[in-house]
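J.: Here it is: the structure, laid out below.
The values are calculated or read from the model by the stated rules, or taken from the named source; none is laboratory data. All of these numbers come straight from a predicted model, not from anything done at the bench. As a convention, Cβ positions derive from the backbone with ideal geometry for all residues, glycine included, and neighbour counts pool all protein chains shown. Just the protein is used for accessible areas: all its heavy atoms, side chains included, with ligands, DNA and RNA removed. Shrake-Rupley method; radii C 1.70, N 1.55, O 1.52, S 1.80 Å.
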Amino acid sequence: MRTVSDTIPVYHFGSPELDTLHRQAKAAGNVYGSDWHGFEYVVDHGRFRTLNELRAGQVVPRSRAINERGEVDE
């Protein structure tokens, strides 16, 4: 397990910012200037959080649950 860093951006589920992120990834093939080797971000679903990761060629992010200690399984 690893602890999720406080520097990873957090988006609220259903927010316009999260929708924009996913649209940009699908349309342009990169996310906010990342080198597209992988872009991690947290989605706050209200009662729980997930660590999501987009990689080159992906439209749907890989998503893993974050536990109450702020850790995610590798």
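J.: By accessible area of protein heavy atoms, probe 1.4 Å, what ranking do Phe48, Phe39 get, highest first?
T.: Sorted descending by solvent-accessible area, the residues read Phe48, Phe39.
J.: Roughly what would the spin-label model give for Glu68 and Asp44, points 7 Å off Cα along C-beta, in nm?
T.: 1.9
J.: Oh, and also: Can you work out ³J(HN,Hα) from phi for every residue in the range 10-15, in order, using Karplus 6.51 cos²θ - 1.76 cosθ + 1.60 and θ = phi - 60°, giving whole Hz and x for Gly and Pro?
T.: Here the 3J(HN,Hα) series is 10, 10, 8, 3, x, 6 Hz.
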